[in-house]
1. Tally time: how many residues in region 135-156 are exposed (fewer than 14 other Cβ atoms within 10 Å of the Cβ) and modelled with pLDDT of 90 or more?
2. So which residues in region 263-290 are part of a loop (DSSP other than H, G, I, E, B), under 24 Å from residue 243 (Cβ atoms) and within 26 Å of the chain's Cα centre (by Cα)?
3. Report, by residue number, each residue of region 59-89 that is modelled with pLDDT of 90 or more and either among the basic types (Lys, Arg) or farther than 22 Å from residue 111 by Cβ (or both).
4. Within region 53-66, work out how many residues are of a type in the set (A, V, I, L, M, F, W, C) and touching a strand residue (DSSP E or B) at 6+ places or on another chain (Cβ under 6 Å).
5. Find the residue count for region 168-191, including only residues that are buried (at least 16 other Cβ atoms within 10 Å of the Cβ) and either in contact with a strand residue (DSSP E or B) (Cβ under 7 Å, 6 or more places away or on another chain) or outside the structural domain of residue 135 (by TED's automatic domain parsing) (or both).
6. Please state which of the following conditions residue 280 fails to meet, knowing it meets all the rest: (1) surrounded by 14 or more Cβ atoms within 10 Å (Cβ to Cβ); (2) modelled with pLDDT under 95; (3) within 17 Å of residue 166 (Cβ to Cβ); (4) not aromatic (Phe, Trp, Tyr).
7. Criterion first (over 30 Å from residue 270 (Cβ atoms) and among the β-branched types (Val, Ile, Thr)) does residue 90 satisfy it?
8. Is it the case that region 247-254 has a residue that's within 22 Å of the chain's Cα centre (by Cα) and on the phi < 0 side of the Ramachandran plot?
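The values are calculated or read from the model by the stated rules, or taken from the named source; none is laboratory data. Remember, predicted model here, so these are calculated numbers, not experimental data. Ideal geometry is used to build each Cβ from the backbone, glycine not excepted, and the neighbour counts take in all protein chains shown.
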Amino acid sequence: MTDRITLTGLRARGRHGVLAAERELGQEFSADVVLHLDTRAAAAGDDLSLTVNYAEVAREVVDVLAGPPVDLVETVAATIAERVLAHPRVLAVDVTVHKPQAPVPVPFADVTVHVHRRADDGDGARDVVLALGGNLGDVRATLAAALTQLAQHPRVTVAAVSPLLRSEALTLPGAGPQPDYLNAVAVLRTDLPPRELLALCQGVELGHGRVREERWGARPLDLDLVAAGALTWQDADLTLPHPRAHERAFVLAPWARVQPEAVLPGHGPVAELAAGLGPVDWVAEDWWEA
């Protein structure tokens, strides 16, 4: 579920329409816009930078209504939606454009065109880098089962899977020792928005007994979204790219194996970053079958 910010009755005089008189005389248009986003981080920090400035959105909508004329109200609505989705925190938008003075030859109250667009509609499917790990139980079997579950989702394809490696557990200062981890990276091809994919992964973790009680505690399964191309994302539950990926050989080395030319936004080529962190302990090549 997402939160919403609604702007109602934004108005401007425009010259949109297919008739010459509409272009010459103009008429009043109005728009209602609903922004779908996650406002929890903004509310927790009382921070405008973590939400959307609706005054800016309002100005942009009016600019479109009053801007260069087009033939169709559908084009006006789609243009508004595109402008709104350029704000990185907007997950989806509903736009209703009203044309109450449309040249309709019978009595009527209004003509409206409504469009709904999601932030991922324009890009379609994208590659998402997923880090997998675990250090409790039969980890190899658990990682394989988790990938199989993700691959069964109708909007997820497992495009590539790295070899398995063994890594020393990261623990908090003063914490007791833990078993070593098995780790891998998979590239998922999906059109799911980041938060929906995160929810899917957390559901898979839960099904394999993951309990989020201790930070960096031992666990049967850990699924982390690492990167989604050049997409940047930050809210209370998810940051993309992963803020510590550049420090972790157990993420970078397997990622470089499946995407040798990959770049971690803000840090550089993944293969170079991995090489700078030294060798890793590879333990299995072909460990998962689609």
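1. Our first condition is that a residue be exposed (fewer than 14 other Cβ atoms within 10 Å of the Cβ); within region 135-156, this holds for 138, 141, 152, 154-155.
Going one step further and asking which of them are modelled with pLDDT of 90 or more, we end up with 138, 141, 152.
The qualifying residues number 3.
2. Step one: of region 263-290, the residues part of a loop (DSSP other than H, G, I, E, B) are 265-267, 277-280, 285-290.
Applying the additional criterion that residues be under 24 Å from residue 243 (Cβ atoms) yields 265-267, 277-278, 280.
265, 266, 267 - these are the residues of region 263-290 that are part of a loop (DSSP other than H, G, I, E, B), under 24 Å from residue 243 (Cβ atoms) and within 26 Å of the chain's Cα centre (by Cα).
3. 59, 60
4. Here is the first cut: in region 53-66, the residues of a type in the set (A, V, I, L, M, F, W, C) are 55, 57-58, 61-62, 64-66.
Checking which are touching a strand residue (DSSP E or B) at 6+ places or on another chain (Cβ under 6 Å) leaves us with 58, 61-62, 65-66.
Summing the residues that are of a type in the set (A, V, I, L, M, F, W, C) and touching a strand residue (DSSP E or B) at 6+ places or on another chain (Cβ under 6 Å) in region 53-66 gives 5.
5. 10
6. Answer for residue 280: the failing condition is (2).
7. no
8. Our first condition is that a residue be within 22 Å of the chain's Cα centre (by Cα); within region 247-254, this holds for 251-252.
Going one step further and asking which of them are on the phi < 0 side of the Ramachandran plot, we end up with 251-252.
Scanning region 247-254, I find at least one residue that is within 22 Å of the chain's Cα centre (by Cα) and on the phi < 0 side of the Ramachandran plot, so the answer is yes.
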